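The next block holds one structure in the form of structure tokens; read it before the comments.
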Amino acid sequence: MILFNQQDSKIQKDQLISLPVTHVIQEAEDVCTFRLDNSQGLIPPHHPGMFVKVCLDINGSEVWRSFSISSSPHQSERIDLTIKRNHAGQVGNYFFEHIHVGSHVRLKGPLGQFYFDPAQHVEPVILLCAGIGVTPMMSIVRYLHATNVNRNCYLFYGARTPRDVIFDQETRDLITEMPDFHYFLTLSQPVPHWLGYCGHLNFDFMISKIPQVESSRFFLCGPRNFNQDFTLRLLEMGVPQELIHSEQFHKKNKTR
């Protein structure tokens, strides 16, 4: 169970802290998880799906970016940031070239209104994501697994090629450990031997796999058009706005 002291949590979220890197885990091509040591509890208890703001010193200037926490808040002793390298970008390249085991990362948080709260969110959980947007979804899935929350959960994940898929083996293993968990992966650029679902993740595919669309709770994380298209279709089907949570991974100052 996650317990909150709102006043203390607010103070902690506003503080810039420094956490050491304990592991760098290669997840996929150009994607790594940077695991931070939070054993002292400097990042306070939080809900799965939230993010932290990272402050980097690049060429003498402070550069801020936000990254979703991909680890479960139930494992509070660590904070996982799963980052995709953009070779044309600044921050991702810096992480891959300069952050290693023993480095310290300055950050504050957790922050954001995009999260799963088991006490309030009692409906079936539908997670819809594309690309690196799977990171906050994985925090939610890991939390459900760790806490044995009795909730139907459907993870729909769109990626380009098999080399771009993140957390695939872990997610498939969770299917056997979580009877109420369902995982659907589709590739827009499948290789010839691919036997799974093909094409971009779309609304019609999603509704063909889940019951009771109107009474489910939806979490969307992807590019702007991805989120907008799904939100519009859900609203047209009669899903209440309060059951739709949307997070972009290309917002200003919030690049994943």
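The values are calculated or read from the model by the stated rules, or taken from the named source; none is laboratory data. Here the structure is a predicted model, which means the values were calculated and not measured. Don't worry about glycine lacking a Cβ; one is built from the backbone with ideal geometry, like all the others, and counts go over all protein chains shown. Side chains included, ligands, DNA and RNA excluded: accessible areas come from the protein's heavy atoms. Shrake-Rupley method; radii C 1.70, N 1.55, O 1.52, S 1.80 Å.
Be a star and scan segment 161-181 for residues whose amide nitrogen sits under 17 Å from the point 7 Å along the Cα-to-Cβ vector of N150. In segment 161-181, the label zone of N150 (backbone N under 17 Å from the point 7 Å along Cα→Cβ) covers 178-181.
For the set E170, E123, E242, the ranking by accessible area, highest first and with no ligand, DNA or RNA atoms included, is E242, E170, E123 under a 1.4 Å probe.
Going by accessible surface with a 1.4 Å probe and the largest first, W194, W64 read W64, W194.
Tally the DSSP beta bridges in the chain and give the antiparallel ones as a percent, rounded to 5. Restricted to the chain, the bridges split so that about 55 percent are antiparallel.
Rounded to the nearest 0.05, what FRET efficiency is calculated for H200 and D14 with R0 set to 35 Å and r the Cβ-Cβ distance? Calculated value: 0.35. Sparsely packed loop sites in segment 147-192 (the trypsin sites (Lys or Arg not before Pro) outside DSSP H, G, I, E and B with at most 16 other Cβ atoms within 10 Å) comprise R160. By the helix-only formula, in which each DSSP H run with n ≥ 4 contributes -39500 (n - 2.57) and the sum is divided by residues, the chain has a 222 nm mean residue ellipticity of -6500 deg cm²/dmol.
Put simply, the chain fits an ellipsoid with semi-axes of 28, 22, 17 Å; these come from the alpha carbon gyration tensor as the roots of five times its eigenvalues, largest first.
Here the chain is treated with +1 on each Lys and Arg Cβ and -1 on each Asp and Glu Cβ, and its dipole about the Cα centre works out to around 520 debye. With the Cα gyration tensor of segment 159-226 giving a ≥ b ≥ c as the square roots of its eigenvalues, does the rule (a/c under 1.5 for rounded; else a/b larger than b/c for prolate; else oblate) give rounded, prolate or oblate? Oblate.
Given R₀ = 41 Å, FRET efficiency for R163-Q241 by Cβ-Cβ distance, to 0.05? Approximately 0.65, to the nearest 0.05.
Checking the a/c ratio against 1.5 first, then a/b against b/c, what shape does the Cα gyration tensor give for segment 141-256? Judged from the Cα gyration tensor, segment 141-256 comes out rounded (a/c under 1.5). Once you order the gyration tensor axes a ≥ b ≥ c over the Cα atoms, which shape class does segment 109-198 get: rounded for a/c under 1.5, otherwise prolate or oblate by comparing a/b with b/c? Judged from the Cα gyration tensor, segment 109-198 comes out prolate (a/c at least 1.5, a/b above b/c).
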